[in-house]
Amino acid sequence: MLKIKRKQGLADVRFHDLRHEVVSRFVEAGFSDQEVSAISGHKSVQMLKRYTHLRAEDLVGRLDQMPVRK
């Protein structure tokens, strides 16, 4: 497995990194905390939030889409 990861330029990527990524993408896709916890196996919202890393550009995009009140 390490040989394949090196060949692909991913020698420092671990399963744990992928878990962070997928949890973050589920949240960005609109899954609720409860749904993501059920999928990922996190027992508490606190641990789930530790695993969630939202991309700044996605947050800016969502803010830009908010309706402006006049």
What number, rounded to the nearest 500 deg cm²/dmol, is the helix-based mean residue ellipticity at 222 nm of the chain, given -39500 (n - 2.57) per DSSP H run of at least four residues and division by all its residues? -18000 deg cm²/dmol
Charge-dipole axis of the chain as Lys and Arg at +1 and Asp and Glu at -1 on Cβ define it, positive-most pick from 24, 36, 9: 9
³J(HN,Hα) computed for each position of segment 56-62 - Karplus, 6.51 cos²θ - 1.76 cosθ + 1.60, integer Hz, glycine/proline x: 4, 5, 5, 5, 4, x, 5
With springs connecting C-alpha atoms under 10 Å apart, model the chain as a Gaussian network and identify which of 32, 24, 40 has the largest mean-square fluctuation. 32
The chain, relative contact order [Cα under 8 Å, separation at least 6], %: 29 percent
For segment 14-65, what number results from the quotient of the Cα radius of gyration and 2.2 N^0.38 Å? 1.15
Let me spell out the model: positive unit charges on the Cβ of Lys and Arg, negative unit charges on the Cβ of Asp and Glu, origin at the Cα centre of the chain. What dipole size does that give, in debye rounded to 20? 260 debye
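Read the figures in this text as sums done on the coordinates, not as results from a lab. Not measured: the values here are computed from a predicted model. For neighbour counting, all protein chains shown are included, and Cβ atoms are generated from backbone atoms with ideal geometry for every residue, glycine included.
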